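Below: the structure, in structure tokens.
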Amino acid sequence: MAAEDLPSEFDVVILGTGLAESVVAAACSRVGQRVLHLDRRSYYAANWASFTFNGLLTWIQEQNESQTEEVRDWSSLLEEGEELLHLSDTDSASITNLQVFCYTNEEDEEEEAESADPLNTTEEEKPEEFSHDVFIRSDFQTVTFLNQSQAAQTPGEEPEAARPHPSAAQSQSEPTRKKLSYAQLVKEGRRFNIDLVSKLLFSRGSLVDLLIKSNVSRYAEFKNVTRILTYRHGNMEQVPCSRADVFASRQLLVVEKRKLMRFLNSCMEETEEQQAYNGRPYLDFLRDQQLGDNLQHFLLHSIAMVTEDTPTEEGLASTRHFLRCLGRYGNTPFLFPVYGLGEIPQCFCRMCAVFGGTYCLRHSVHCLIVDRDTNRCRAVIDSRGQRISCSHFVVEDGCVGSDRKKMATRAVLITDASVLPGESDQQVSMVTVPPAAAGGPTVKMVELCSSTMTCVPGTYLVHLTCQSTGSAHQDLSPVVTMMFRTTESEEPGNEHGRPFVLWCFYFNMADGSAVEVEGHQLPCNVYVCSGPDGSLGHEHAVKQAEFIFHKILPDEDFCPPAPNPEDIIYDGDEGAAGQEENQGEQEIYLQNHTEHNAEEEEMTPKTTKEKDKNQSRPQTHRNTRSMQH
Amino acid sequence: MHGRVKVKTTAQQEEEKKKEREKKLKIYIAARDACFSKRKEGIFDDEALQLTQQLLSSNPDIATLWNYRREILMHLETVRDEDEVQKIYQDELLFLESCLKVNPKSYGSWHHRGWVSARLPRPDWARELGLCDRCLSLDDRNFHCWDYRRMVVRMSGVPVEKELEFTDRLIGSNFSNYSSWHYRSTLLPLLHPECPEQDSPRCEPPLASPPPSPQTHFHRVCEEQLLKEYELVQNAFFTDPNDQSAWFYYRWLLGRAELEEMISCVYVSREEERVAVAFSRPVSALSVGLLLVLDGQPQRVEWRSVHPHFKHSPVWICDLPPGTISDTSNEHNLTVHLTETHTHKDCALYTGRSESWCRDTATDQELFRSELSVEKTSVLQSELQSVKQLQELEPLNKWCLLTIILLMRALDPLGYEKETLAHFQTLKEVDSMRSAYYSDLCSKFMIENTILKMEYAEVRVFSISDQNLTTLCHLDQLLLVTHINLSSNDLQRLPPQFAMLQCLEVLEADNNFIESLEGVYRLPKLEEVSLKNNKISTLADLQPLASCPKLKRLDLRGNPITQTAGVESQLAELLPSVTDLLL
């Protein structure tokens, strides 16, 4: 047992592998701190994670399983003047109101179509008289498919005359949209990377700056968001935001184009005219610029992405941020990581591991050992009952029972078409859906295509996010039915209109934007990382990580660039004798990693090749691996 | 510094890099020398190909090595079979691609690529187009690539429609690109040629070209397409009115091709026994094959331009042999042939007349709208409206103001004269660096207007005083003018072109800043010259006047020259014909 134990002393112990925790881990490790990074889960990135379709189904199931907390007495590990502080081992409150809907057929339709009358093979859909495809799974333990038997019987037996179909010539010119069945989704499940949070990277935002500054960017690839859309008067419209967009826009009059360009140019500088509107709504300011309804809508909802009562100074600041981000990498201000957002925390974990950090998954901290006099955390007791000394402890908010008042509402949809089909079917779209009624939440929607490696070709992954007012389903299902089709909402003769939802799930997630780093009746060297916040960018987490890092190491540089592998001097070069065993291990580890990186860099240009997810994850430390069997 | 990664110091790194550089340089120089000596010996082998490849991949700008390489390749062509040659050239293209990746703007690489592509036995033009597209997507203004692309398009016969789509795409991604706009202007007339008959509903592709009427304008685009282009370019200049490329394209759209070369006027004077011919644009009489036929007899005459400065000129004159037409009781018929274009112009000199001329009716349409199109007025009117809209939003945009002026001129030069002048005033204020240009342009337009007024009045008097003229132009249009008044302007000289006023009798140019009279040269009928209050300071300035035989009255009051001692006698000597000298 002793050989499998972790080292008993670290500088920083971090519990939870969310974004902020991972950035702190990387930053500390980079400047030479000994970091132990743990997560009680079996996957990285906590609520920031991305799952394959199958992985997500498992995760959904896990959310409903009650976890029994084993209470043990650790007082034997205490020394003089110390006391125990128990941590909560579950985080049941962070995800609530989970609901899954499947609107596609359970089984593959293809074989049935083949066996049916060959004349009918061109028809795109079987007439569906009852919504037999809806599987509502509120009970995750006993997932039942209400129509299992019906789905098997569905072959095109319904009378052809029931609904006139387009002629063969017509259906040839318009390739039929073949729905993927649930079975196919499961079969292709590994090719999905479904994020729990939906965010984008502002191309001049703090996360991009940090990725570049720290060289962590080498571990990830990104795609441009290719267009900004907005939902207005029942239509999906493209928002012209760059010069090229404005030029190409067909919906704007030339005079509007001029007004928009002029506004975009002029608002970059602060003027007295703008200051006169401080404290007054941004909408008032926009109105007084005589921009017209179209432009006001675009500027308020899609560019500034604020609400009608946001003060002018705030609206202008967001507008400027948006504009500054334009053109750095493309025609929109946003980037999205290939393989999903869950990659980002993992990239920082990898950085931490490269500089000697130790990683253990399925490994938690049960309690803290606190020095009564100094109110400092001296050590932690891990889930194996080992006492590990540390100078600082960083923990995700779920483990300290922080009160979360704000909740974010989320929905994830797998659809069969884009909300705005264009020339290319590989568009990554950011969509703003203004509140239907005044005072309602603005819905932010990100539609990902298959080239982001988050869904299979022929499908789109749609993330919806808004502030919670009720349950996720209550908040978002009206928007979903407005913009998409399901078997519930299907109207005859409308097949080629809105995209069809194959599968979707709704949930609420705690919004971590209000969680404080310190306090919570915790020792002074314990810092709390909040879970994902509700905003579109990553500013909150990066700011928090930097704050925590400077609390731990006030005089150190935050994530300086990692050196090139060839510039690193290995201890062997210097022939230094009498190294600690621990250090020897680290160097081997580092060497292994640099080799590994070289391999990876060769691989990255071949983007078509599917990356092996397991390889891209930071490798678990030798100690940990041996401990797991 | 426990557990910290140790990194080499900069000094260490520098030292290593320096050593590496030195090593590389040594290898490079050795290889280069080897190449040169091999070439001297006339060795065209694979090794030489290898060597040049290595050198050129690190420095693609040694033209000598490319030349050597071409020599080797041409040699290999003679000794290898076609398949092998194909393979060699394909490898060459791959190699060039790697060179272009390092330096996408290397003259040598692009030129060599063109050479290789042209010699490739079985060229793959689609691939070459793809390469160009990739290059242009990285830098849409790489003119090397544009050049190469034009060659590829020519060689592979890409349909014009495809090329137009290509410009659509490039302009869509960034419209600040002259190359794309210009390319478009060359494609459109091919794809959508202007219908010769405005009434014909469908534009047929021009088969056997119909005999062009003298005023047919080539290189124009049919109206339907023009309207689309107007829309496109408006989108560009409304989006960014400070981008010149769109405005220039717009001016091209609104403009029309140059007038056909033709004879616009023939003038004959009995007294001087002289013929003057005016052309629609400057020509060289010697090269266009000008032939004068008098009463059916071709004449051997010597054509000369109005001023020795001009090899090309819109006005040419010749003297007839003495006595041919001097008898007023005879009637004569002249024909001037332009053999180059098989056109001619007749002119009859009737009995009792001392002079005669034949000229095209100079309507405003034909004369001065040549800068702008013959599009239907309604189209231009709506263009003017939209540019005016833009001007309301951008009152100080110079491109916008200038375009408004041009559109107004195209529509109704006289009707918009006042507004035009006001816009010129604004232009000079907002773009003071170019105020002289605007003054000249304004002068030109004012002269055009005055010519039009003169035409309508059917007189031979040209009067344009107090209009701030800074320059004179369109003087070829004033061939028949007998009396000109240029007083109270800002003129500094009467340029050589002024000699085109072959019928001029009276010249008034008081209150200007004239210091040079170059153009008052060999004007056969000039009798009176008034140059009060100008800047004529030396006798030499007045020298050209000596070539005008009939000059009788000269007013030089208020000029610096009057202060010179003994000027009167000097003038009497220089200009003996002058009887009425005012100093």
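The values are calculated or read from the model by the stated rules, or taken from the named source; none is laboratory data. Here the structure is a predicted model, which is why all the values come from computation and not from measurement. Ideal geometry is used to build each Cβ from the backbone, glycine not excepted, and the neighbour counts take in all protein chains shown. The accessibility values were calculated without ligands, DNA or RNA, using every heavy atom of the protein model including side chains. Shrake-Rupley method; radii C 1.70, N 1.55, O 1.52, S 1.80 Å.
Summary table below
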item: Filtered residues of region B:417-434 (kept if open to solvent by less than 40 Å² (accessible area, probe 1.4 Å) and without any contact (Cβ under 8 Å) to a residue 12 or more places away in the chain); result: none
item: Criterion violated by B:Cys222 - all others in (1) modelled with pLDDT of 70 or more; (2) in contact with a Ser or Thr (Cβ under 7 Å, 6 or more places away or on another chain); (3) open to solvent by 10 Å² or more (accessible area, probe 1.4 Å) satisfied; result: (2)
item: Pairs with Cβ under 6 Å, 6+ apart, first in region B:7-36 and within 14 Å of another protein chain (Cβ to nearest Cβ), second loosely packed, with under 13 Cβ neighbours inside 10 Å; result: none
item: Condition check for B:Leu575: open to solvent by 50 Å² or more (accessible area, probe 1.4 Å) and hydrophobic (A, V, I, L, M, F, W, C); result: no
item: Residues that are of a type outside the set (A, V, I, L, M) and crowded, with 22+ Cβ neighbours inside 10 Å, drawn from region A:251-261; result: A:Lys257, A:Arg258
item: Residue match in region A:274-289 (condition: among the basic types (Lys, Arg), outside any helix (DSSP H, G or I) and closer than 24 Å to A:Gln467 by Cα); result: yes
item: Subset of region B:154-172 that is under 16 Å from A:Ala248 (Cβ atoms) and among the β-branched types (Val, Ile, Thr) - its residue that is surrounded by the fewest Cβ atoms within 10 Å (Cβ to Cβ); result: B:Thr167
item: First in region B:231-250 and facing chain A (nearest Cβ under 9 Å), second anywhere and among the acidic types (Asp, Glu), Cβ under 6 Å, 6 or more apart; result: B:Pro241/B:Glu394
item: Among (1) surrounded by fewer than 21 Cβ atoms within 10 Å (Cβ to Cβ); (2) within 14 Å of chain B (Cβ to nearest Cβ) - the single one A:Glu221 does not satisfy; result: (2)
item: A:His550 away from every other protein chain (no Cβ under 14 Å) and either of a type in the set (Lys, Arg) or within 18 Å of A:Asn47 (Cα to Cα) (or both); result: no
item: Test: A:Gly440 is under 28 Å from A:Asn331 (Cβ atoms) and either surrounded by fewer than 20 Cβ atoms within 10 Å (Cβ to Cβ) or free of Cβ contacts under 8 Å to residues at least 60 places away in the same chain (or both); result: no
item: Candidate set: region A:233-250, residues that are outside any helix (DSSP H, G or I) and within 12 Å of another protein chain (Cβ to nearest Cβ); chosen: the one most open to solvent (accessible area, probe 1.4 Å); result: A:Arg250
item: Count of region A:290-337 residues which are farther than 30 Å from A:Phe192 by Cα, part of a loop (DSSP other than H, G, I, E, B) and open to solvent by less than 30 Å² (accessible area, probe 1.4 Å); result: 4
item: Condition check for B:Ser530: in contact with a Ser or Thr (Cβ under 7 Å, 6 or more places away or on another chain), closer than 25 Å to B:Gln467 by Cα and small (Gly, Ala, Ser); result: no
item: Hits in region B:388-414 (condition: within 14 Å of chain A (Cβ to nearest Cβ) and either more than 19 Å from B:Trp252 (Cβ to Cβ) or not in a helix (DSSP H, G or I) (or both)); result: B:Lys388, B:Gln389, B:Gln391, B:Glu392, B:Leu393, B:Glu394, B:Pro395, B:Leu396, B:Asn397
item: Residue within region B:470-492 that is in contact (Cβ under 8 Å) with a residue 12 or more places away in the chain, part of a helix (DSSP H, G or I), buried (at least 16 other Cβ atoms within 10 Å of the Cβ) and of a type in the set (Ser, Thr, Tyr) present; result: no
item: Strands (runs of 3 or more DSSP E) fully within region A:440-557 counting 1 or more residues that are over 24 Å from the mean Cα position of the chain (by Cα) and over 30 Å from A:Glu107 (Cα atoms); result: A:526-529
item: Region A:186-195, subset in a loop (DSSP other than H, G, I, E, B) and over 19 Å from A:Phe334 (Cβ atoms), residue least open to solvent (accessible area, probe 1.4 Å); result: A:Phe192
item: Search result, residues across region A:14-38 that are surrounded by fewer than 24 Cβ atoms within 10 Å (Cβ to Cβ) and either away from chain B (no Cβ under 14 Å) or among the hydrophobic types (A, V, I, L, M, F, W, C) (or both); result: A:Val31
item: Failed item, numbered, when A:Ser198 is tested on (1) within 14 Å of chain B (Cβ to nearest Cβ); (2) assigned to a loop (DSSP other than H, G, I, E, B); result: (1)
item: Tally, over region B:313-365, of residues that are without any contact (Cβ under 8 Å) to a residue 40 or more places away in the chain, touching an Asp or Glu at 6+ places or on another chain (Cβ under 6 Å) and part of a strand (DSSP E or B); result: 1
item: Unmet requirement for B:Leu51, which otherwise passes all of (1) touching a Cys at 6+ places or on another chain (Cβ under 7 Å); (2) closer than 23 Å to B:Cys135 by Cα; (3) open to solvent by 10 Å² or more (accessible area, probe 1.4 Å); result: (2)
